[in-house]
Amino acid sequence: MTDKTMTPDAIVGRLRSGMTLGIGGWGSRRKPMALVRALLRSGITDLTVVAYGGPDIGLLAAAGKIRKLVTAFTTLDSIPLEPHFRAARERGAFELVELDEAMFMQGLTAGAQRLPFLPIRAGLGSDVLRVNPQLRTVTSPYEDGEELVAVPALRMDAALVHLNRADRLGNAQYLGPDPYFDDLFCEASDTAYVSCERIVASSELTEQAAPQTMLISRHAVTGVTETPGGAHFTSCVPDYGRDEPFQKAYATAAGDPDAWKEFEDRFLTGTEQDYQAAVQAWHKEQR
């Protein structure tokens, strides 16, 4: 068994420009933000990103690192539309593939199972097929003869996900209410990297939580890194909720070039430790 622990910068050092990159989480929930911030510090660009999008997409879009985005939505949850995503789309900064949420999940499942596609009813009768003319339908080979959407597999070169706990081998556990398909992202990728709030002994993973919370198995993981607060400012329940005041400050700054430059300089130019310290200082200023 191999110790797979790495630093966030070492993980990003294994990525390359032009890759197809999956990012786990959902909207503004349990996003691998420490890894995204490390990616911002790198020279990597020209990415195809696959995600149920949140501020991960916003930050990468603001930095000009996305060539193509495959998504079902890009939201901050309590703020309906991610502002950097909206601005990037308005100026046509990258190609967009919009899928229904269920179609997106089916594409991940096909990728994880190494299938070329999977059929689904979702999308029929909607504009999804109109805005994605490359999508195809298939006819059931059985007596029903039903027409279904053939969702192509979502295969990725690498995936980044954030979990509550993991061991050094890459087994990872979620303790919140939803797995957010992070296991599918890992299974559908050639390489997968897990950040977590805490690395623990393998035996601890099942001592205080049900076995089904063991979402990700080591066989699908290339590297693991301990990043306390690594999902901030998104939620990582039960460790912490979404930082709503900071998220609001982020969204407000996104609408003004001068304010955004100030935000970048304060929060995004240094290390992850610098970021966490700057956030703590910012919160003290708000009291």
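Computed quantities for the displayed model
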read-out: Residue match in the range 129-141 (condition: more than 21 Å from the chain's Cα centre (by Cα), in a helix (DSSP H, G or I) and under 15 Å from Val70 (Cβ atoms)); value: yes
read-out: Unique residue being surrounded by fewer than 15 Cβ atoms within 10 Å (Cβ to Cβ) and either under 30 Å from Arg37 (Cα atoms) or at pLDDT 95 or above (or both) when the list is Val138, Val149, Val131; value: Val138
read-out: Any hit, the range 118-135, residues being under 30 Å from Gln173 (Cβ atoms) and in contact (Cβ under 8 Å) with a residue 40 or more places away in the chain; value: no
read-out: Lone qualifier among Ser189, Ser140 - being within 23 Å of Leu15 (Cα to Cα) and hydroxyl-bearing (Ser, Thr, Tyr); value: Ser189
read-out: Residue identified as at pLDDT 95 or above, out of contact with any His (no Cβ under 9 Å at 6 or more places or on another chain) and surrounded by fewer than 17 Cβ atoms within 10 Å (Cβ to Cβ) among Thr7, Thr2, Thr20, Thr48; value: Thr7
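The values are calculated or read from the model by the stated rules, or taken from the named source; none is laboratory data. Fair warning: this is a prediction, and the values are worked out from it, not measured in the lab. We place every Cβ from the backbone using ideal geometry, glycine too, and count neighbours over all the protein chains shown.
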